[in-house]
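All remarks here apply to the structure that follows.
The values are calculated or read from the model by the stated rules, or taken from the named source; none is laboratory data. These figures come from a predicted structure and were not determined experimentally. Don't worry about glycine lacking a Cβ; one is built from the backbone with ideal geometry, like all the others, and counts go over all protein chains shown. Areas reflect the complete protein model, heavy atoms only, side chains present, ligands, DNA and RNA absent. Shrake-Rupley method; radii C 1.70, N 1.55, O 1.52, S 1.80 Å.
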Amino acid sequence: MASRSFRRAASAATAVLIVLGAAPSASAFGGPPAGHGTTLRKLAARQDLRIGTAVDTAALASDDRYRTLTARQFDSVTAENVMKWEAVEPERGVYDWAAADALVNFAQHNGQAVRGHTLLWHNQLPAWLTQGVADGSIDAAELRQVLRAHITTQMKHFRGKIYQWDVVNEVFDEDGTLRKSLWLEKLGPSYIADAFRWAHAADPQAKLFFNDYNVEGINPKSTAYYDLAVRLRREGVPVHGFGIQGHLDIGYGFPSDVQANLERFAGLGMQSAFTEVDIRMTLPADAAKLARQADDYRRLLDACLNVRRCTSFTVWGFTDKYSWVPDTFDGQGAANLMDEEYAAKPAFEAVRDELAERRRR
Ligand code: G3I
């Protein structure tokens, strides 16, 4: 385990590289043809939609072309990892926001909004927390205090700089029952409402979201979020939006009722967002697979454009060069809009053309 001072130095170095590495002129590194003589962010702005990408901050610091395209094509960014609990509070009460702040500074420098990801999850928790719960040195009462302190500190640090927060991430199982995480087992179901109330108290301007995968269509899992949203909002809990990750696989059918799903949350007065879209395939990629992928990207975006309260569409990285997919799904990949060489894939062109040719209702 790297020493604290080493970790901080490395994190600070990354931060400096990101801020100093101001995006060179767009033409310096080419990138996919803008098409229609413009970029995704300019086309999306005409549709009153934010188009975003998750950002690998190490790549942002080291890869000029990645940095240029991140700034040029997107008007919203999400930290892929550096705002997660293990990254910002590696030691209890000791925060390291260097990499996260560098991304926020990059976004502000490039006129981009920032999605906050994520205040509460069952993954990527710091070892002091998981070990403390496991060995009993952190009991339920103390865990609740730890959670409240983390949410409050994190939200106050980024207050006014983040427009949408994924407050709780992946809290339901596929069958619509609550995930049996340490949060549920130790604190009971009230931890969810507590998280939203604490987040709102710390930054009343931020829009607070649920976020999960396999909730693109209407199914037991997405309906569990819908029912919980109805109940919490009736109790005055500040739940503002529903984040749909959108991690799809062309090997499965396209989810049904995507637009109807968005519309039912809109019917509650809630925003929705696609927060982590990537559409993987079994390698090698070929023309037919890439065409199916392009159509699936287009269909998700189309559903969002058809529902005014769908406010942002974020891809989980835009180039196959840095995708999480190959490390997680053996034999799969090619999930993003551009390939490893930053060439536009049919999916990029489908998103671009959908943004260019639609007229949002
Ligand atoms: O930071 C360590 C580094 O010190 C170490 O040297 C290196 C090699 O072991 O690992 C680094 O940690 C990695 C971390 O990303 C930061 O890069 C973890 O191993 C790796 O498992 C982790 O993967 C992330 C994954 O969440 C963790 O579950 C992916 O990059 C990230 O794309 C993915 O994102 C999630 C969303 O947050 C929530 N929705 C699902 C999505 C995909 O799983």
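From the helices alone, meaning DSSP H stretches of at least four residues, give me the mean residue ellipticity at 222 nm for the chain, per-run term -39500 (n - 2.57), in deg cm²/dmol to the nearest 500. Present the calculation step by step, with values, prior to reporting the outcome.
Details: 15 runs with 160 residues, N = 361.
When only DSSP H runs of four or more count, the value is -13500 deg cm²/dmol.
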Semi-axes of the equivalent ellipsoid of segment 103-173: what are they in whole Å, largest first, if each equals the square root of 5 times a C-alpha gyration tensor eigenvalue? 28, 13, 11
Using the Cα gyration tensor of segment 208-306, the equivalent ellipsoid's semi-axes, largest first and to the nearest Å, work out to 29, 12, 10
Rounded accessible area per residue of the chain, 1.4 Å, Å²: 39
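Near Glu340, within a Cβ-to-Cβ distance under 15 Å, what is the net charge of the other residues, with Lys and Arg +1 and Asp and Glu -1?
On the way: positive: Arg65, Arg280, Lys321, Lys345; negative: Asp56, Asp63, Asp278, Asp320, Asp327, Asp339, Glu341.
Within the 15 Å Cβ shell, the charges total -3.
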Give the separation of the Cα centroids, segment 103-157 to segment 187-241, in Å. 17
How large is log10 of I(q)/I(0) for segment 255-304 at q = 0.14, 0.17, 0.27 Å⁻¹ when the intensity is taken from the Debye formula with one equal scatterer per alpha-carbon? -0.44, -0.60, -1.05
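Carbon and sulfur together cover what percent of the accessible area of the chain at a 1.4 Å probe radius? Each step should come with its number before you reach the end.
Values: 7170 of 14100 Å².
In the chain, the share of accessible area belonging to carbon and sulfur is 51 percent.
Å³ per residue of the Cα convex hull, for the chain?
Working: hull volume 47.7 nm³, N = 361.
Hull volume over Cα atoms, normalised by residue count, gives 132 Å³.
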Work out the length of the dipole vector of segment 12-357 about its Cα centre, built from +1 on the beta-carbon of each Lys and Arg and -1 on the beta-carbon of each Asp and Glu, and round it to the nearest 20 debye. 1220
Run the numbers on the chain and let me know its relative contact order in percent, using alpha-carbon pairs under 8 Å that are six or more apart. 16
Once amide H atoms are placed 1.01 Å from N in the peptide plane, what residues at a sequence separation of 5 or more from His247, or on another chain, have their amide H within under 5 Å of its amide H? Asn214, Asp278
